[in-house]
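To start, the structure itself, in structure tokens.
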Amino acid sequence: MVGIGCEVTLGVLPDLIHRQITLVGHWTFSKLAQADCARFDSDRKIDVDSLFTHKWALEQAEEACALFDQQKTGKGVFLPS
């Protein structure tokens with residue numbers, strides 16, 4: 001459910017439990033909050049690149065996902081080729 005911008009209704013018992021599905025939610029910052037974070041990092045000269053343990057081109061997405069599925073990595077980022 002990436003980029004969903006509307007109400008979603010799920011029946012916990014029939015949609016999740018009976019189907020043995022795990023649902024993971026994630027919330028991210030608004031554009032304004034992201035801009036504030038970027039200014040914070042920039043003003044303090046934080047080495048953001050050091051936060052990423054892996055860097056991939058988009059063409060390497062399958063390899064990246066396989067590695068992340070192992071849950072043995074840190075943060076990763078996709079960079080333009």
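The values are calculated or read from the model by the stated rules, or taken from the named source; none is laboratory data. It should be emphasised that the depicted structure is a prediction, and the values quoted were computed from it without experimental measurement. We place every Cβ from the backbone using ideal geometry, glycine too, and count neighbours over all the protein chains shown.
Residues in segment 57-77: is at least one among the charged types (D, E, K, R), in contact with a Phe, Trp or Tyr (Cβ under 9 Å, 6 or more places away or on another chain) and assigned to a helix (DSSP H, G or I)?
The initial filter retains those residues of segment 57-77 that are among the charged types (D, E, K, R), namely 59, 62-63, 69, 72, 75.
Imposing the further condition that a residue be in contact with a Phe, Trp or Tyr (Cβ under 9 Å, 6 or more places away or on another chain) reduces the set to 63, 75.
Pick out the ones that are also assigned to a helix (DSSP H, G or I) and you get 63.
Yes, segment 57-77 contains a residue that is among the charged types (D, E, K, R), in contact with a Phe, Trp or Tyr (Cβ under 9 Å, 6 or more places away or on another chain) and assigned to a helix (DSSP H, G or I).
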Taking segment 13-50 and keeping only residues that are surrounded by 10 or more Cβ atoms within 10 Å (Cβ to Cβ) and of a type in the set (Gly, Ala, Ser), one is left with ALA33, ALA35, ALA38, SER42
ASP69: passes all of (1) modelled with pLDDT under 85; (2) surrounded by fewer than 10 Cβ atoms within 10 Å (Cβ to Cβ) but (1)
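May I ask you to verify whether LEU10 is surrounded by 10 or more Cβ atoms within 10 Å (Cβ to Cβ), outside any helix (DSSP H, G or I) and either out of contact with any strand residue (DSSP E or B) (no Cβ under 8 Å at 6 or more places or on another chain) or touching a residue at least 24 places away in the same chain (Cβ under 8 Å) (or both)?
Numbers: surrounded by 10 or more Cβ atoms within 10 Å (Cβ to Cβ): yes; outside any helix (DSSP H, G or I): yes; either out of contact with any strand residue (DSSP E or B) (no Cβ under 8 Å at 6 or more places or on another chain) or touching a residue at least 24 places away in the same chain (Cβ under 8 Å) (or both): yes.
Yes, satisfied.
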When segment 30-55 is checked residue by residue, the ones that are within 20 Å of PRO80 (Cα to Cα), in a helix (DSSP H, G or I) and at pLDDT 90 or above are ALA38
Over segment 53-79, the set of residues of a type in the set (Val, Ile, Thr) and over 14 Å from the mean Cα position of the chain (by Cα) is THR53
